[in-house]
Each structure stands twice: as C-alpha cells, then as structure tokens.
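The values are calculated or read from the model by the stated rules, or taken from the named source; none is laboratory data. Note that the coordinates shown come from a computational prediction; the quantities given were computed from them, not determined experimentally. Heads up, the Cβs are rebuilt from the backbone with ideal geometry, glycines too, and the neighbour counts pull from every protein chain shown.
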Amino acid sequence: MDRRKFFHGTAAAAVAGTVAGCASPSTANGDMATARTPFTVAGTFIPVMGSDEKYPVRRIYCIGRNYAAHSREMGSDPTREPPFFFQKPTDAIQWVAAGTTPDHPYPPLTKNYHYEAELVVALGKGGRNIPIDKALDHVWGYTLGLDMTRRDLQRAMGDEKKPWEIGKSFDRSAPIGAIHKVAQTSHFTQGAIWLKVNGQVKQNANLNQMIWSVAEQISKLSDAFELFPGDIIYSGTPENVGPVVRGDVIEMHIDGLPNLSVKIV
Ligand code: MN
C-alpha cells in the first residue's frame, strides 16, 4: 500500500515540517489520532513555562565532554577533541515541575549511578548544515536537565569499544524542567550552573566554560543529522560528576531558570 495515502491527513510531523519550511522526515510518521493502529504509543511533551502549550519532543541529542575540566576527569584531552554526540530515547524524559521533588527510580544493573547537570536547548526550527552565525535562530527555548548515567556500564562498554547505549539511554535517564521560551529568557551564553546532593555543592561552574557553544553545537549536529523542530540538545556537563544512592536528593540550578530537584528512590 502507498504509505502517503495510508498516512494521509493531518500528520503532525508533516504539518510541523511544512510550517518550518522543511521537508518532512522520510520515515513513515503519521498522526496517532487518525492512523488505525493496534495500540497507542504515548508521545512525549514538556510543559512550557507561562503557557498552556506543551513542547513536543522529537529527539534527544546529548553532547559529550563539553567542559574542559570534565573532559579531563573523563580521561580526554579537551584541546583536541571535536564535539561528539549521542542520543537518548525520547521517552527517557522525566518532566520535573519547578518547586517539586519527585521520585526518580535508581535504575537496574548499575552500582555507580551518576548525575550530570546540563543546560538543555529546545529547537523550534530544523535544517541541515546550519551556519554557526544562524544557529541561534533555530532555538525555541531553554531549560535545565540531568543526563543521568550508569557510569560503570558506560565505562565497561567504552573499554570494550561497544556502544554507550546501556550507560546513557535507559528509562527515565533524562529528568528535565519546563521549557522557557527564548523570547522570555534570551540566550544562555554565561551564568552559574551548579548541582547539590543533599544540600552539598558537587558541581559548580559557568556556562561560559563550554568548549563548544550552543550555536556551534547546533551547527555541528546539523552536519551529521537533519534537525527538526522538537529536537532538544543536552549541552554537556561541567566537572565533578559523581554518584548518588537511594535516598539522595539532587538539586540543580542554572541562573535564570527555576531549580530542578529529584529524589533517588
Ligand atoms: Mn552529559
């Protein structure tokens, strides 16, 4: 059967792509509301601060080793390494409302579960080969998030030259705050980023210490993947990542955004 016909109608992805002036993805994306399916699969949405709109998440990209001191603590040379990226599954999102401390389950298989505090960029416009000086025009909003990591599994896989997937891309590995529209916050090029565990400061740095700026990240990423509205980018963590155990409370902060907290259970 012709897929275009089968999925005709108001395919959400196609409409979004059209509005943004991009080709729709070449995959068989359709609208769950109109397609006849044997069961439903939930979409992933993040509330938007000060709005009843929700931001639909298409993909979660993450940049690795984007602060020099963190790069060194992970055993890399920050002066030579080009940016590299990995993904988490979209449904790894755990939305955390400002002013709340929801439970975050300690995941299976690990004995070394790490926090990574990160600025998150939410795109509103896609594209390929986006020039650095145009890249920030593609940003729809910002928030803060945790790139939770099963460090022991990540390291073990790295040592064997196998994919990081099991260390990075597991269920609920992406706690995240509400999206703040860029019109309300302006772009984040500097400002404090810190993380506390049980009230004790663990990570404490400045966004201006990123090796690759947000604009450079978008540009580089768009050389490797066609970007679309709904893509979000975890922009890397500063130094002093470390472990949490059940009962710990993580609180993270970025200047200009409400703090994000979770309790490990
Ligand atoms: Mn990270």
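Annotations
- Picking from residues in the stretch 135-159 that are farther than 24 Å from Val201 by Cα and touching a residue at least 40 places away in the same chain (Cβ under 8 Å), the one that is nearest to the ligand (Cβ to nearest atom) is Leu153.
Here is a yes/no grid of residues against (1) surrounded by fewer than 16 Cβ atoms within 10 Å (Cβ to Cβ); (2) among the β-branched types (Val, Ile, Thr):
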{"residue": "Val197", "(1), (2)": "no, yes"}
{"residue": "Asn208", "(1), (2)": "yes, no"}
{"residue": "Ile211", "(1), (2)": "no, yes"}
{"residue": "Gln217", "(1), (2)": "no, no"}
{"residue": "Lys220", "(1), (2)": "no, no"}
{"residue": "Pro229", "(1), (2)": "no, no"}
{"residue": "Ile232", "(1), (2)": "no, yes"}
{"residue": "Val241", "(1), (2)": "no, yes"}
{"residue": "Gly247", "(1), (2)": "yes, no"}
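- Filter result for the condition that a residue is assigned by TED's automatic domain parsing to the domain that holds Thr185 and either buried (at least 23 other Cβ atoms within 10 Å of the Cβ) or within 16 Å of the ligand (Cβ to nearest atom) (or both), over Tyr106, Tyr61: Tyr61
- Going through (1) surrounded by 15 or more Cβ atoms within 10 Å (Cβ to Cβ); (2) of a type outside the set (A, V, I, L, M); (3) over 20 Å from Thr185 (Cβ atoms) one by one, Gly75 falls short only on (1).
- Filter pass, Phe188 being of a type in the set (Phe, Trp, Tyr) and either more than 18 Å from Phe85 (Cα to Cα) or more than 16 Å from the ligand (Cβ to nearest atom) (or both): yes
- Within the stretch 187-215, the set of residues being in contact with a Pro (Cβ under 7 Å, 6 or more places away or on another chain) and of a type in the set (D, E, K, R) is empty.
- For the residues Asp91, Asp31, the requirement of being among the acidic types (Asp, Glu), at pLDDT below 90 and out of contact with any Cys (no Cβ under 9 Å at 6 or more places or on another chain) singles out Asp31.
- So Tyr67, is it under 29 Å from Gly242 (Cα atoms), modelled with pLDDT under 95, within 16 Å of the ligand (Cβ to nearest atom) and buried (at least 19 other Cβ atoms within 10 Å of the Cβ): yes
- Condition check for Gln184: surrounded by fewer than 20 Cβ atoms within 10 Å (Cβ to Cβ), out of contact with any Pro (no Cβ under 8 Å at 6 or more places or on another chain) and more than 20 Å from Glu116 (Cα to Cα): yes
- One residue from Glu165, Glu251 being charged (D, E, K, R), within 18 Å of the chain's Cα centre (by Cα) and closer than 25 Å to Arg58 by Cα: Glu165
- A search for C-beta distances below 7 Å between a residue of the stretch 87-100 that is closer than 17 Å to Arg59 by Cβ and free of Cβ contacts under 8 Å to residues at least 60 places away in the same chain and any residue that is buried (at least 20 other Cβ atoms within 10 Å of the Cβ) and aliphatic (A, V, I, L, M), counting only pairs 6+ apart in sequence or on different chains, returns Thr90/Val57; Thr90/Ile60.
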